[in-house]
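For reference, the structure is listed below as structure tokens.
The values are calculated or read from the model by the stated rules, or taken from the named source; none is laboratory data. Remember, it's a predicted structure, so these values are computed and weren't measured experimentally. Because the Cβ atoms are built from the backbone with ideal geometry, glycine has one as well, and the counts that use them run over all protein chains shown. Just the protein is used for accessible areas: all its heavy atoms, side chains included, with ligands, DNA and RNA removed. Shrake-Rupley method; radii C 1.70, N 1.55, O 1.52, S 1.80 Å.
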Amino acid sequence: MLLLYNIGIRLYFFAIWLASFFNEKAKLWINGRKNYDLIRYTDCIWFHFASLGEFEQGRPVLEELKQLYPDNKIIITFFSPSGYEVRKNTPLADAVYYLPLDTTANARKFIDTIQPKLAVFTKYEYWYHFFNEMHRRNLPLYIISGIFRPKQVFFKWYGGLHRKMLGFVSYFFVQDERSKLLLNGIGVNNVAISGDTRFDRVWDNGQQPKLIPDVNEFKNGHKIFIAGSTWPQDEKLIAALVTQYPNWRFIIAPHEIGEEKIAQLISLLPQNTTIKYSQLTIHHSALTTHQILIIDNIGMLSSLYQYGNIAYIGGGFGAGIHNTLEAAAFGLPVVFGPNYARFKEANDLIALKGGFSIDDEASLKAITNKLISDEEFLISAGEKIKNYVKENTGATKAIVDYIAASNKPL
């Protein structure tokens, strides 16, 4: 099985390399792994994140450990360009790298160079050679905010190699009881239900958000519908709402912000109704005369929700919805597409009647009309999910307390 895994890793690299000739994200993935020199460290704490969402998820633990162990360097790795390119200069880390391809040689070289005292991986990302190398050197490796489902390879008859990877992990902090029971069922007992660190992150952000004066000026006393992390299919649906609710203002923060993607979005919307955030330095006076503000940058979305009344979360017509909790922390009812089943928080929000799944334009218009026309329903939905976020905080403390008790001193 290890031979097949190694072959699969190299085939994956080859596929990305081919894609890099016509896909910018693939090009960044390839170039980022060959154009940096590792700096030698000693006694660092290594955090790995798949992408930007996992970074925000694991950030509370990173910040706490950084404060607890100020003499230890923080090294961050990302798998995806969408995480690395946005956070490569974060002041939270002493160095940020792409995770090298998972080979025996790369794992040994990387760990030899950064010399971690411990490693923290957030939610998922299981790499055999990196995990094996940490285990071989008796270095602690933690999975935080883990989530497991029966269909994952760990629980299949052919998942022996992946079950072996789980055996290299020092301790699992999982989001729910089902994950714990699944791990227990295959003999993995070094696991605790800590919850999801995203709740801590979004709650803190909701209590002390970064103010954005331009957006407050755009609001100008109007109610705002915020569409975050949208994809083209989401945007076609949102466009249908604009003319239906002329007294509302809309903020759209698309997942992809390339010029061509933004142009496609604008083409869907009524003429002369939109202004891009990047245009405000030149056309600032247009803020109060346009109905739609398009956010053509990365990093603002989590702060935008403080100005909203209803949120639409994109991705539900593709691989899966994006972060619903950022909006929920501000008490915004959240609407999203049909592909949400594997997201525990989305299921919870629906059960609380603060989250709403839609399948098409008609269902989007129906729930939006219900929220807009029934003020009591809107407020009740928002209060329920804001309380839900608050009640689920505390994962960070549980994780940090365990790591600190197990690793004194670093």
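At a glance:
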read-out	value
Under Karplus coefficients 6.51, -1.76 and 1.60, residue-wise ³J(HN,Hα) of segment 306-311 in Hz, glycine/proline x	5, 9, x, 10, 9, 10
Along principal axes, Cα extents of segment 325-410, largest first, whole Å	58, 27, 17
Span-like helix ranges in the chain, DSSP H, alpha carbon extent 15 angstrom or more, Kyte mean at least -1.0	2-19, 52-68, 104-114, 232-242, 361-373, 375-391, 395-406
Local net charge near PRO116, Cβ-Cβ under 15 Å (Lys/Arg +1, Asp/Glu -1)	+3
Relative contact order for segment 267-360, counting Cα pairs under 8 Å that sit 6 or more residues apart, in percent	19
Other-chain or far-sequence residues with amide H under 5 Å of LYS276's (modelled H)	ILE294
Average accessible area per residue (Å²) across the chain - probe 1.4 Å, nucleic acids and ligands excluded	46
Kirkwood Rh and Cα Rg combined as Rg over Rh, evaluated for segment 240-294	0.94
Segment 81-212: translational diffusion in µm²/s, Stokes-Einstein, Kirkwood Rh over Cα pairs, 37 °C, 0.692 mPa s	199
Magnitude of the charge dipole, the chain, Cβ model with Lys/Arg +1 and Asp/Glu -1, debye to 20	1220
Contour minus Cα-Cα distance for ILE7 and ARG163 (0.36 nm per residue)	54.3 nm
Net length gained if the chain between ASN387 and LYS34 were fully extended (0.36 nm per residue, minus Cα distance)	122.5 nm
Gyration tensor (Cα) of segment 41-118, equivalent ellipsoid semi-axes in angstrom	18, 17, 9
Mean Cα-pair separation over length for the chain, i.e. relative contact order, pairs under 8 Å, 6 or more apart, %	13
At 0.692 mPa s and 37 °C, Stokes diffusion of the chain via Kirkwood alpha-carbon radius, µm² per second	145
Cβ-based net charge around THR273, under 15 Å, with every Lys or Arg adding one and every Asp or Glu removing one	+1
Under 18 Å from LYS219, Cα to Cα: lysines that are on another chain or at least 8 residues apart	LYS210, LYS276
Spin-label pair LYS397/GLU376, simplified geometry with 7 Å Cα→Cβ offset, distance in nm	3.7
The chain, helix-only ellipticity at 222 nm - DSSP H runs n ≥ 4, -39,500 (n - 2.57), divided by all residues, nearest 500	-13500 deg cm²/dmol
Equivalent ellipsoid semi-axes - Cα gyration tensor, segment 91-130, angstrom	17, 14, 10
Carbon and sulfur %, accessible surface of the chain computed with the full protein complex present, 1.4 Å	51
Residues of type lysines that LYS109 reaches as a straight line, Cα spacing below 27 Å, ignoring anything fewer than 8 places off in the same chain	LYS25, LYS27, LYS34, LYS66, LYS73, LYS88, LYS117, LYS123, LYS164, LYS408
